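Visitor: Below you will find the structure I want to go over with you.
The values are calculated or read from the model by the stated rules, or taken from the named source; none is laboratory data. Just so we're clear, the structure is a prediction, and the values are computed from it rather than from any experiment. Virtual Cβ from ideal backbone geometry, glycine too; neighbours counted across all protein chains shown. All accessible areas refer to the heavy atoms of the entire protein, side chains included, with ligands and DNA or RNA removed. Shrake-Rupley method; radii C 1.70, N 1.55, O 1.52, S 1.80 Å.
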Amino acid sequence: MASVVIISTSPVLVSDLLSQTILAISDTEHAAKEVLSQKENFGKFSTYLEDIKYILKEFLGQNVDHSKSLENAVEIINREIEVAKQLALECRKRNKIYLLIICRKIVKILEGSTKEISRALGLIPLASLDVSLDFKNQVSKLSKDMLDAVYWVNAAEEEVVKKIDLGIQSRTADRSYANHLLVQIAEAVGISPEQSELKKEFELFKREIEDATLRKDLAEAVQMEQIIRLLEKADATKSLEEKAKKYFEKRNSLGRQPLEPLNSFYCPITQAVMVDPVETTSGRTFERSALEKCFAEGNNLCPLTMIPLNTSVLRPNKTLRESIEEWKQRNTIISIASIKPKLQSSEEKEMLQSLCELKDICTERELHREWITMEDYIPVLAGLLSAKNREIRKHALFILFMLAKDSDDNKERIAKVDNALESIVHSLARQIDEGKLALQLLLELSRSNVVQDSIGTVHGCILLLVTMLSSVDIQAAKDAQELLENLSFLDQNVIQMAKANHFKPLLWLLSSGPENVRMVMAETLSEIELTDHYKLSIIKDGALRPLLQMLSHGDLEMKKVAVKALLQLSNLPQNGLQMIKEGAVEPLFELLYRHSLSSPTLREQVAATIMHLAVSTTLQEADQEQVLLLESEEDIFKLFSLISLTGPDIQRSILQTFHALCHSPNGFDIRMKLRQLSAVQVLVQLCEVDNDNHTVRANAVKLFHCLIEDGDESTFLEHVGQRCITTLLRIINTRNDVEEIAAAMGIISKLPKDTQFNQWLVDAGAVQTIFECLTDGNKDALHKWQVIENAVGALCRFTVSTNQEWQKRVAEAGIIPVLVQLLVSGTALTKQNAAISLKQFSQSSISLSKPMKKRGIFQCCLAAPETGCPVHLGICTVESSFCILEANALEPLVRMLGEPDLGSCEASLDALLTLIEDERLQSGSKVLAEANAIVPIIKLLSSPSEILQEKTLIALERIFRLVEFKQKYGTSAQMPLVDIAQRKNSHMKSLAAKVLAQLNVLGQQSSFF
């Protein structure tokens, strides 16, 4: 930088000098505002100039007397301001890279000028001037501040300058180093890192350096030449054509055979070609590391001359080093050119040896890889990826990876080779070591924006990468994750990832992407097949919030895709509950109730989603805070009323919604409110409608079954007629939906036991229908037990002892043996109802048992004696007298006494008690004893059910009237009887005391009676 020194040759008035300096400061301030470099430092300097300008204006206004000291001070200020002005002008017009390189120098000049001006302020004779004390203090403070002022190069510039110095000093700085350095320079000076912009800026820099006017500073000129040589290694500074031309000119000037090293290349100590030759004080050259080892061992003598050496003086033999490097480069170029034909050989061994050699050359230096690229090895190596030999493929993958690391151009070259990406992906699926190399290469290729577009389109690539995320190899999993992140910039790739069950990129775009992208992602969620595991994880990972935002969006299309996605995710109960908690219900109902909505499909999907939410409420844990879908009677009425206003698809969903809600924790309230809203009437109408909407009718039947479970009989007597009953039986006889059949049979079983209802059922063939349900083995096993359970329950109304005609119809249908079988194989409720029916049959047996005919003299001689029923003492059959002994029901009934279900126990006991009623006491008790029933009956005294205990007491009171059984079983009954007598209510105490009196434990006049 040029310095301007102003020397006063003639006396100048102080006022003129002050005015000139003030004008010069203004010019410098203006120039400082337009600098391209060191803006902050020039801004700081300008702040000081502003203060100086104020001081000088004060002097000018005070008409201070002329003094030599003041004149010298102002001249120094004027001179340094001119220096700063020229510096600012230089920083305004010079190349940005040049200004970055000399940033330390700029800062040094600014700092020097600041300190000189500070010194000049100190020369002003303030003591002799007629100025205020406060003003004098201001001048002194400014002088001190400027003396202490420090200017800094910013961190980014300092780092670049250090890296330039290191690159010049180091002889190993390669293309990669230069590439990174040039990008750092671009960032530091604020220019685009695009190669075309970098090349343009570098050419401007070179032209400035080559300008002859810059060569006045020899040291700077040398430094700039070194910097140019360093930066010329970067890709952006030379075109590929220029580099290739230079390389082939050199390659063609060489022979075909490698040269042997000169003797001077060998280290006298190691006898190997030297890498870092250094000259000692003896004038001989050795390998640095070999000499340092000798010194470390205490040997300070020259190995050749034995002269003592100064161990601190080892001068690099640059000339020899350059010669060795030149020899190595020559031989490497020849080797690279000679290997290529061998890779196309049919000899696998030769190919492997050549690949190993090429691999070693690749790893030595980046420059070698540049030469390999120029020799057009990439298509050859890509072709080897389809070789049968795994080692060949692995070597080819590694070399391609090394080449891809060097530049985006190489990445693009690899991707352009036919089937190269497909072959790499194929290797991804092979053995782990080959797969990891393929993954490394794909990851490197994905760092090119151009190649990224192609990788995701390769069939199976994304699926394999997602699979590798769960690899036990941590690095492989990490690389797969990074590669997927690189590919996720394309929406189509994100969709493919989601289809492979990797949802993180999709969820990010669903939450943060633009509206059109969010719609695509939501659409994807609605269309892909999802397991329950992934549905749960998608909601947990944040899909719900953006979907609900889209659901509340003003745009109808946005709502549509949100509903489709929610429909897909809501059929998992955990998700449904979460949706209710986070506010999905209100916007869904808002859409459902919008009758003006032009999209019927949307309303159908909304209704189906609401149904999923309803199902989710049925699976809440009892100890959790209950989540409600419908919170008021108005909500229930509003939703149920839609059944009459919508098409079959929405009707079906609403019916399913209420069916689920009837089984939720607040199901009792829902059922009660539906009955109050005359839902039964609507459901009966839907059941009776004879059209093609079987699914609507099926769901109406199922909901009707829920409402009849605990409903008031009057409600059903009012709305259920003969047509409804006929329809229910037709459903059972003709439909294939076992769940619907079970519900229809359940309705029949729960209908009021009204005589008119029963007659309609009998007239419509209900008995035969029940028999077919009990014996049909082809029904879906999942709901078959429900059909049987409900059928047995319905059967009870036809087996009452007050109507032996109906009993006879049931018996003739062959149902009694089926009931006996169900005592063994049915559910607890099935066993209970089967036992109830058998009890009711048994109650009629005494009147239907035929008396045994008296035998005449001749009959006694000619025929075997006729055997009567041991209980009824007559002729009994299953079909004629409904005898449970003839039906072989005794053993399973006795076995049921020991079952944990109290209802089953009670029903079986009731059936057995029919055998010891009235005159049948003695014969019946004997039969029970032979069937080992009395001990299980006694055990029922300890039952938690008081009703069961009471019936047991009644049974034992009868049995113990017989001395034989009182003596045999009385002792085992005493303790539980005493316990009942002490603990239970007065009625139970009285019954227990009566039995204890029979056992002679209590007197007949005991206070227990």
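Visitor: Within the range 174-199, work out how many residues are within 18 Å of VAL35 (Cα to Cα), open to solvent by less than 50 Å² (accessible area, probe 1.4 Å) and not β-branched (Val, Ile, Thr).
Guide: Count: 2.
Visitor: Condition first: among the polar types (S, T, N, Q) and over 20 Å from GLU364 (Cα atoms). Now tell me which residues in the range 320-350 satisfy that.
Guide: If the condition is that a residue be among the polar types (S, T, N, Q) and over 20 Å from GLU364 (Cα atoms), then GLN344, SER345, SER346 are the ones that fit.
Visitor: Collect the residues in the range 411-428 that are under 35 Å from the mean Cα position of the chain (by Cα), part of a helix (DSSP H, G or I) and not hydroxyl-bearing (Ser, Thr, Tyr), keeping them in residue-number order.
Guide: Selection gives LYS411, GLU412, ILE414, ALA415, LYS416, ALA420, LEU421, GLU422, ILE424, VAL425, HIS426, LEU428.
Visitor: Tally up the residues in the range 696-720 that are within 19 Å of HIS663 (Cα to Cα), open to solvent by less than 30 Å² (accessible area, probe 1.4 Å) and in a loop (DSSP other than H, G, I, E, B), please.
Guide: Number satisfying all stated conditions: 1.
Visitor: If you check LEU619, LEU628, LEU613, which single one turns out to be assigned to a helix (DSSP H, G or I), over 29 Å from VAL720 (Cβ atoms) and under 37 Å from the mean Cα position of the chain (by Cα)?
Guide: Testing whether each residue is assigned to a helix (DSSP H, G or I), over 29 Å from VAL720 (Cβ atoms) and under 37 Å from the mean Cα position of the chain (by Cα) leaves just LEU613.
Visitor: Go through (1) among the hydrophobic types (A, V, I, L, M, F, W, C); (2) in contact with a helix residue (DSSP H, G or I) (Cβ under 9 Å, 6 or more places away or on another chain); (3) farther than 21 Å from ILE538 by Cβ; (4) open to solvent by 10 Å² or more (accessible area, probe 1.4 Å) for MET611 and report which single condition fails.
Guide: All conditions are met except number (3).
Visitor: While we're looking at this one, here's another question. Given the residues PRO587, PRO665, PRO600, which is the only one that is under 23 Å from THR695 (Cα atoms) and either under 34 Å from the mean Cα position of the chain (by Cα) or open to solvent by 40 Å² or more (accessible area, probe 1.4 Å) (or both)?
Guide: Checking each option against the conditions leaves just PRO600.
Visitor: Quick one: is GLU886 part of a helix (DSSP H, G or I), more than 24 Å from LEU977 (Cβ to Cβ) and of a type in the set (Asp, Glu)?
Guide: no
Visitor: Please verify whether the range 879-895 includes one or more residues that are within 23 Å of LYS850 (Cβ to Cβ), without any contact (Cβ under 8 Å) to a residue 24 or more places away in the chain and open to solvent by 10 Å² or more (accessible area, probe 1.4 Å).
Guide: Yes, the range 879-895 contains at least one residue that is within 23 Å of LYS850 (Cβ to Cβ), without any contact (Cβ under 8 Å) to a residue 24 or more places away in the chain and open to solvent by 10 Å² or more (accessible area, probe 1.4 Å).
Visitor: Limited to the range 490-529, what total is found for residues that are outside any helix (DSSP H, G or I), surrounded by fewer than 21 Cβ atoms within 10 Å (Cβ to Cβ) and of a type outside the set (Asp, Glu)?
Guide: Residues meeting the conditions: 6.
Visitor: Then there's this: Would you point out the residue of the range 402-458, among those that are open to solvent by 10 Å² or more (accessible area, probe 1.4 Å) and among the hydroxyl-bearing types (Ser, Thr, Tyr), that is nearest to ASP360 (Cα to Cα)?
Guide: Taking the candidates together, the pick is SER407.
Visitor: Residues in the range 68-95 that are surrounded by fewer than 19 Cβ atoms within 10 Å (Cβ to Cβ), within 30 Å of ALA186 (Cα to Cα) and basic (Lys, Arg): how many?
Guide: Within the range 68-95, residues that are surrounded by fewer than 19 Cβ atoms within 10 Å (Cβ to Cβ), within 30 Å of ALA186 (Cα to Cα) and basic (Lys, Arg) number 3.
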